[in-house]
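Worksheet: the structure to be examined is printed underneath.
The values are calculated or read from the model by the stated rules, or taken from the named source; none is laboratory data. What you are looking at is a predicted structure, and each value in this text was computed from that prediction instead of being measured. Positions of Cβ are backbone-derived with ideal geometry, glycine not excepted, and every protein chain shown enters the neighbour counts. Just the protein is used for accessible areas: all its heavy atoms, side chains included, with ligands, DNA and RNA removed. Shrake-Rupley method; radii C 1.70, N 1.55, O 1.52, S 1.80 Å.
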Amino acid sequence: MGEVKTKPVERAEQGLWEKSYIPEILRGLSVTAGHFFRNISPRKSQRRIFTKNYPEEPTVYPERYRGLHRLMLRDDGQVRCVACMCCSTICPADCIHIEAGEHDDPSIEKYPAVFVIDELRCIVCGLCVEACPCDAIRMDSGRHIPPYTERNEAFFDRDLLMELGGLSQAKQGGDRTPAAAE
Amino acid sequence: MAEVLITLVKIIVIVFVFVLGVAGSMTLLGDRKQSARIQNRVGPNQAKFFGFSLLGFPHFIADGIKLVLKENIVPAQANKFLHTIAPALVFIPALIGWSVIPFMDHYCTGTVMTLPEHGYTEVCVDGEWKNYFSIMHMNSGVLFAFAIAAISVYGAAIAGWASNSKFSLLGGLRSSAQMISYEVAMGLSLAGALLIYGTLNINEMVRMQGNLLGDWLPMWGIVIQPLAFFLFLLAGLAETKRAPFDLPEGESEIVAGYLTEYTSMKFAMMQLAEYAATVFIAALVAVVFLGGWQMPWVYADGIRIFGNHWTPFGEEVWYYISIVLRIGAITFKILFLVWLQFMMRWTLPRFRYDQVMTLGWKILLPLSIANLFITAVIVTILA
Amino acid sequence: MAENIYDPIDQDVHSEPMMLQMGPSHPATHGTVRFTLTLEGEKVIKCETEVGYLHRGFEKESENSTWTQVFPYTDRLNYVSPLLNNFGYALAVERLLEIEVPERCDWIRTLMGELSRLSDHLTCTGAAALELGAMSAFLYAIEGRELVWDLIEEVTGARLTVSYGRIGGLKDDLTEGFEERWKYAKRRLIEIRAEVDKLLTRNRIFLDRFEGTGVLTPEMGISYGYTGPVLRSTGVDYDVRKDHPYFMYGEVDFDVPVGHRGDNFDRYLIRMEEIVQSIRIIDQCLEKMEPGPINSDDPRVVLPEKEKVYNTIEGMINHFKIIFEGIQVPPGEVYSYTEAGNGELGFYIVSNGTGKPWKIHVRSPSLIMMGGIHKLIEGGLLADIIPTFDTINMIGGECDK
Amino acid sequence: MPKVNINGTEIEVEKGTTILKAAAQAGFEVPHFCYHPALSIPANCRMCLVEVEGARSLEPACYSEVTDGMVVETKSERVIKAQKSVLEFILLNHPVDCPICDQAGECKLQDYYMAYDAQESRLRAEKNQKVKVFPIGPEVLYDGERCILCTRCIRFCEEITGTNELTIVQRGDSAEIRTFPGKELDNPYSVCTADICPVGALTSRDFRFKCRVWLLQSTDSVCTGCSNGCNIHLEHFRNEIQRYRPRYNPQVNDYWMCDAGRLSYKEVHTDRLLRPMSNGAALNWHGVTETASAKLARALDDDAGSFGFVVSPQASCEDLFLAKRFIEEVLGTDQLYLGGKPDGFEDDFLIKADKNPNRQGVKAVFGGLNDFGDVDKLIDDIESGAIKTLYMMETHLPADAETRQRFVDALDKLDLFVLQAQHCAELANQAHLALPACSHAETEGTFVNFDGLAQPFEQAFAPHGDSLPHWQIFMRLARAMGQPLTYTFVHQIRDEMFQASDADENGEPAEAQAE
């Protein structure tokens, strides 16, 4: 068992000298001046600038970063999504609009004829990725949602999302015997 | 006619190039770049001139253009006349004070000779002093500067009252209370120095600071009046209404104080006046306590230290070199003090209203009176 | 306050108190709250507090979401320490479900929760300095917070709206290099804390603003229901982590800092000390943690592994039922509470046995503290509102729900 | 009356009750796939096995009748083991189809797996592949892999429709449902097989992929396809009807409804009149009420005798009641005509020839149909100039295409033609004033079916466009014309209407009993 005890916080009494503002002002100035001179030092390695020059120096997001959605592809480049609506069901922001269509291939059957994500409504919670039973939607594009000037630009449709997507290697559908001759 | 032209040139160079240039660029370099470096940031660098960010200077211009183009808003039921005139009341005094700040000794048309036996006084032989380096040569220069600075109280108070906003009103009250209180301490702390210098003429005061104590220590105000220097600097900081004394516009308490209802160029004028005041206080401290245009051991006729004297490059040339050095010296001192004020601004938390009053009346005022008294006693004894 | 405040204060000069509307849109009332102040000069003689300007209907929204969908909403309660809300809510539902989470999950929750507490306290102390005009101290603290958020982002995928907790477990395990990154962050955090300390703690201007202002007595704190650092500043050593240990708080050593004057400075000191303690707890968590599963093995609650979802009908059915129906929580009610950044964060939950909560009530520490804040403000100066409101650390999202 | 003990609960049930029903009465659910209350009991799915004290093996609860003193356990260890085994077995060859299966969400396999199994399969065999997306009939698709061979569909075709299209072919794990050679599943009730299919083997072609069922909101309503008035669940999503599903009502339609009725929801969303129009220009209700009342008042002033009114049996009783009051109190005309759809196909089960849901309602409200003129008279009257102003409810007329064309041509002769309808048809363009009315999904009301049974229906979603219920339109016009009819809620009209009809001794039948 860990030990938990209370610890009274202490405050130091101040003498007359400290009460005269001067020592603490100088101490404060030494901290800020230290930062100032370090950060104007000609040797850039000495500087401790925390800001990133964002557009010039692109930030690298961690692997798990939730950014723009992307739709994964099958081996043949078709969309993996089968319009099961799990993502749009779990989406708390109701930002995914899917209309299912009949696919020509009877082994696929269903595909999203319309798949639009309103990236402005999206709250980037990542529940859609968790809810996807087909590894079709992911948010690991490594790109954040860009700013928009028009509402329409924020509607990411299927093809745009597929462009961001990549090939998914995940196996789907379990083991099946070849189709019996009909 | 020539006099007028020279005065005009001086006004333009000092007020528009130096004061507004420094004050304006301080908004950028001081408030932005310096604070950025203190806070481990980069500061503005996105606005560019032909692809060069130039330390962020284009932002200064962009800011100016933006402020000019902004809508000028006068609140409903505000006193339109006073609301409009207030920025001018703040801005103009901040500039007029500069007329008595000397950037260099008077120009001597003849030969300058330093008389170490008379306390390193410089005299002009075979010629006369021409006032080229301050706008106005005034015997009561310090008094004039104080008188003018006191006017800006009205600007802030009127701005606060005329805005028809409670936050502005509080800001105006705070600013007038604060400025009036600190003017007393400021004047009294200076009185000690005046006793020693025995003159109100700023240029004379600076000239006297060229004396060397024991042939090596420049007799700057800070040396002979260290306490007064500290008191004056503090009171001066409070006068400029900048952090840690920025409670008249303490943005977290009363939004922006007397500036709350100002926009556009009126706001810019107020803001610029504040920066100009910062520079002006720096200049006052520099001329009264830091030797003004004096550069240690550099005199118009050569370098003197420990009784030694040599004149590099010959006397004719050296005189011009010394002019440049001295202008450089005062500029450096002013900029250093400005820099220091900004460091304070970014380091220290803000006082509370009543604490500022306590500090002003109960600490600074008694101390400056004590300082004056002791100085007076010493001066009497020595005299 | 006295009833006769509107009477003329001075019989000779006619004067009357000034009413000042501070907020909701005011730089000091961050998180949107409104104080209707009655001022006598700059002295506050009466303060009426009005909350609700950031009301988003969290409790009502939750009733229309599945149990899982509530997580993104809890992120937005105390948005400075979202992980603590996530875990607090998850714990409440788990108590209702009567399920246990694996040990590693508890360790991670403890660890990530403390990270969030770090970000909360750094923001709070920094913001307090900022509002007093000491902007550099604020930005140093924010730099520390950025480091914490970097860590949080790496693990959860987002800096602020993490939605990392899950009922019965977590969204993800820690990342591989987490420990190394924490070591770096820790070194910097200690440096940053020292710098902030240097800039503020002994500075007389800061002390004058903080000492003796916004004083709370222990009796008042308890009777108003205050918890967290604010209550501890009065000397009452109530900390849910200590008094009712949950997660792995019973397994780690840490001190609960308490003050004794109940003023702003005590609250500031407590937060500064809690930063140190949080760092201690995180270190211990990383040391004691052992590899293992992070999710409960209850199929009613936890989504099956993706591999099984993709390839077996059993996994697929399980997945589908949880997604479209929500987790089926048995009927009942529970009040579960944890120590969040500002105090006791309680979730009172009623379930009617469906996939959606019947009622979720949040006992948000901020709201409760707003109930008595006028006592801290009245009698002080206008400018004292700033440090008091800062150390109270009201977070709008949590207060207004 | 045998007494039986189920899971420790003592209950007395009628003789001949099966264990399953007895357990339901006692409050215990026994899972079942093949059993359907309206069909015969084959007991082939083995899901409902329960333990009967004294019996050697587990008994199928759907088939076994209770005897006095029987002690039944539906949750014993043995039963649970059996249930898990059955589910594991059924799921063995089930495809991983939930994402593409329309049944997901109302699938018994899903429900029972979570409730009675919730464990992983122990079998590691490859899944069998069978026929998918097989068009077994014009309205129904068959998926062999999902089928659990419960034979509900086969029994439906044998016992309910008597058309006998379906059977099982092959054996063992190759067994599938097929139609007999030369037949297809094309009886008029074929989609009911998709309803009763406990899994996603049979799915409706119309509903296919339209919407996930868990997103649907359901409202109790009545089908408007014919005068039978089948009770339905009107299932909608985002203000759009997605499908009709029969609602159990033993007095009317039992568990069933016809395919044509199922598709009749499409009318609600096609060719709708959405904005009030005046001579082709869209107006808002304020404007149109003013215009309409002014025009109607002028028409009445000019020649009150030349005013005709077409009443529609498509409207609900409440609408008709206000129509009656409007006609009598505001317009004061007695030249009434009856609109509505022409008769159509009928059979001896559910489908009726009268395609209007509320002809009996018109009869009840107006006290018989004798006062109404027919279409021919209407056209004659218009052509002869006996009618100068026509007010028409709904666009339907019981006439063939030729007659209808005559009517449309004759409309030009009218001085004023006011149309108050859901649909544009071709009449809205010719109407001087077109007022949009709601469909039955957007308001509430009562229909009286062919049998005289008054059945209420509920509002499912907000009205499309600017449309308003008929009764509200009448109220607006009446108020604008200075003779206000004041109601706030439909139930006020309903109360008054029933009072009035009782007074008329016109025997408005009691409302249908709740399910």
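Being assigned by TED's automatic domain parsing to the domain that holds B:Leu213 and crowded, with 18+ Cβ neighbours inside 10 Å: is that true of B:Val123 here? Quick ask: steps written out before the conclusion?
Numbers: assigned by TED's automatic domain parsing to the domain that holds B:Leu213: yes; crowded, with 18+ Cβ neighbours inside 10 Å: no.
For B:Val123, the condition - assigned by TED's automatic domain parsing to the domain that holds B:Leu213 and crowded, with 18+ Cβ neighbours inside 10 Å - is not met.
Do we have C:Glu305 as surrounded by fewer than 19 Cβ atoms within 10 Å (Cβ to Cβ), in contact with a helix residue (DSSP H, G or I) (Cβ under 8 Å, 6 or more places away or on another chain), on the phi < 0 side of the Ramachandran plot and within 13 Å of chain A (Cβ to nearest Cβ) here? It would help to see each step written out before you state the result.
Working: surrounded by fewer than 19 Cβ atoms within 10 Å (Cβ to Cβ): yes; in contact with a helix residue (DSSP H, G or I) (Cβ under 8 Å, 6 or more places away or on another chain): yes; on the phi < 0 side of the Ramachandran plot: yes; within 13 Å of chain A (Cβ to nearest Cβ): yes.
Yes.
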Near pairs, Cβ below 9 angstrom, 6+ apart or cross-chain, from the stretch B:341-366 (facing chain C (nearest Cβ under 10 Å) and under 16 Å from B:Ile281 (Cβ atoms)) to any residue that is in a loop (DSSP other than H, G, I, E, B) and aliphatic (A, V, I, L, M): B:Arg345/B:Ala243
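Among the helices (runs of 4 or more DSSP H) confined wholly to the stretch A:1-113, which include 3 or more residues that are over 30 Å from C:Ser136 (Cβ atoms) and either facing another protein chain (nearest Cβ under 7 Å) or open to solvent by less than 80 Å² (accessible area, probe 1.4 Å) (or both)?
Those helices (runs of 4 or more DSSP H) span A:86-90.
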Would you mention how many residues in the stretch C:35-64 are open to solvent by 70 Å² or more (accessible area, probe 1.4 Å) and part of a loop (DSSP other than H, G, I, E, B)? 4
Out of the residues in the stretch C:372-401 that are of a type in the set (Gly, Ala, Ser) and touching a strand residue (DSSP E or B) at 6+ places or on another chain (Cβ under 8 Å), state the one that is nearest to C:Ile45 (Cα to Cα). C:Gly379
Out of B:Ala228, B:Ala256, B:Ala243, I need the residue that is among the aliphatic types (A, V, I, L, M) and modelled with pLDDT of 85 or more. Which one? B:Ala228
Consider the stretch D:448-474. How many of its residues are farther than 17 Å from D:Leu234 by Cβ and open to solvent by 20 Å² or more (accessible area, probe 1.4 Å)? 7
Do you know which of the residues in the stretch C:308-326 that are surrounded by fewer than 23 Cβ atoms within 10 Å (Cβ to Cβ) and touching a residue at least 12 places away in the same chain (Cβ under 8 Å) is nearest to the other protein chains (Cβ to nearest Cβ)? C:Glu325
From the list C:Arg267, C:Arg204, C:Arg241, which residue is of a type in the set (Lys, Arg), within 8 Å of another protein chain (Cβ to nearest Cβ) and under 24 Å from C:Gly379 (Cβ atoms)? C:Arg204
If you check D:Leu215 against the conditions, is it surrounded by fewer than 20 Cβ atoms within 10 Å (Cβ to Cβ) and not charged (D, E, K, R)? yes
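Is it true that D:Ser57 is part of a loop (DSSP other than H, G, I, E, B), out of contact with any Cys (no Cβ under 9 Å at 6 or more places or on another chain) and in contact (Cβ under 8 Å) with a residue 12 or more places away in the chain?
On the way: part of a loop (DSSP other than H, G, I, E, B): yes; out of contact with any Cys (no Cβ under 9 Å at 6 or more places or on another chain): yes; in contact (Cβ under 8 Å) with a residue 12 or more places away in the chain: no.
Criteria not met by D:Ser57.
Pick out the one residue from D:Lys108, D:Lys132 that is touching a strand residue (DSSP E or B) at 6+ places or on another chain (Cβ under 9 Å) and of a type outside the set (Asp, Glu). First the steps, then the outcome.
Details: D:Lys108 fails: touching a strand residue (DSSP E or B) at 6+ places or on another chain (Cβ under 9 Å).
Residue meeting the stated conditions: D:Lys132.
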In this structure, does C:Val230 turn out to be buried (at least 20 other Cβ atoms within 10 Å of the Cβ), part of a helix (DSSP H, G or I) and at the interface with chain A (Cβ under 10 Å from one of its Cβ atoms)? no
Here is a list of conditions, (1) touching a Ser or Thr at 6+ places or on another chain (Cβ under 7 Å); (2) without any contact (Cβ under 8 Å) to a residue 60 or more places away in the chain; (3) of a type in the set (Asp, Glu), and D:Asp102 meets all of them except one; can you say which number that is? (2)
Tally the residues that are within 11 Å of chain A (Cβ to nearest Cβ), assigned to a loop (DSSP other than H, G, I, E, B), under 28 Å from A:His103 (Cα atoms) and not aliphatic (A, V, I, L, M), restricting the search to the stretch D:109-139. 5
Confirm whether C:Gly292 is part of a loop (DSSP other than H, G, I, E, B), open to solvent by 10 Å² or more (accessible area, probe 1.4 Å) and of a type in the set (Gly, Ala, Ser). yes
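Which is under 19 Å from C:Phe389 (Cβ atoms) and of a type outside the set (Val, Ile, Thr), of C:Tyr238, C:Tyr226, C:Tyr249? Before the answer, list the steps.
Working: C:Tyr238 fails: under 19 Å from C:Phe389 (Cβ atoms); C:Tyr249 fails: under 19 Å from C:Phe389 (Cβ atoms).
Within the list C:Tyr238, C:Tyr226, C:Tyr249, the selection yields C:Tyr226.
Here is a yes/no grid of residues against (1) touching an Asp or Glu at 6+ places or on another chain (Cβ under 9 Å); (2) among the aromatic types (Phe, Trp, Tyr); (3) open to solvent by less than 20 Å² (accessible area, probe 1.4 Å):
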site	(1), (2), (3)
D:Asn5	yes, no, no
D:Val13	no, no, yes
D:Thr18	yes, no, yes
D:Val30	no, no, yes
D:Cys34	no, no, yes
D:Ala43	no, no, yes
D:Arg46	no, no, no
D:Glu51	yes, no, no
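If we only count helices (runs of 4 or more DSSP H) wholly inside the stretch D:251-369, which ones have 2 or more residues that are touching a strand residue (DSSP E or B) at 6+ places or on another chain (Cβ under 9 Å), open to solvent by 20 Å² or more (accessible area, probe 1.4 Å) and under 25 Å from D:Asn429 (Cβ atoms)?
Details: elements: D:259-263, D:266-269, D:285-303, D:317-325, D:359-366.
It comes to D:266-269, D:285-303.
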Residues C:Arg202, C:Arg188, C:Arg193, C:Arg181: which one is of a type outside the set (A, V, I, L, M, F, W, C) and either open to solvent by less than 40 Å² (accessible area, probe 1.4 Å) or within 19 Å of the chain's Cα centre (by Cα) (or both)? C:Arg188
In the stretch B:209-228, what count of residues is obtained for those that are within 30 Å of B:Ser152 (Cα to Cα) and surrounded by fewer than 23 Cβ atoms within 10 Å (Cβ to Cβ)? 3
Return the pairs, sorted by first residue and then second, in which the second residue is assigned to a helix (DSSP H, G or I) and open to solvent by less than 30 Å² (accessible area, probe 1.4 Å), the first residue lies in the stretch D:411-427 and is in the same structural domain as D:Ala304 (by TED's automatic domain parsing) and at pLDDT below 85, the beta carbons are less than 6 Å apart, and the residues are 6+ apart or on different chains. D:Lys413/D:Ile382
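Among B:Ile158, B:Ile65, B:Ile180, B:Ile151, which is the only one that is surrounded by 16 or more Cβ atoms within 10 Å (Cβ to Cβ) and either among the hydrophobic types (A, V, I, L, M, F, W, C) or not assigned by TED's automatic domain parsing to the domain that holds B:Ile327 (or both)?
Values: B:Ile65 fails: surrounded by 16 or more Cβ atoms within 10 Å (Cβ to Cβ); B:Ile180 fails: surrounded by 16 or more Cβ atoms within 10 Å (Cβ to Cβ); B:Ile151 fails: surrounded by 16 or more Cβ atoms within 10 Å (Cβ to Cβ).
On inspection, the qualifying residue turns out to be B:Ile158.
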Of the conditions (1) crowded, with 22+ Cβ neighbours inside 10 Å; (2) at pLDDT below 85, B:Leu188 clears all except one; give me its number. (2)
Tell me, yes or no, whether the stretch B:327-344 has at least one residue that is touching a strand residue (DSSP E or B) at 6+ places or on another chain (Cβ under 6 Å), open to solvent by less than 40 Å² (accessible area, probe 1.4 Å) and at pLDDT 85 or above. yes
Residue tally, condition buried (at least 24 other Cβ atoms within 10 Å of the Cβ) and among the aliphatic types (A, V, I, L, M), over the stretch C:251-268: 1
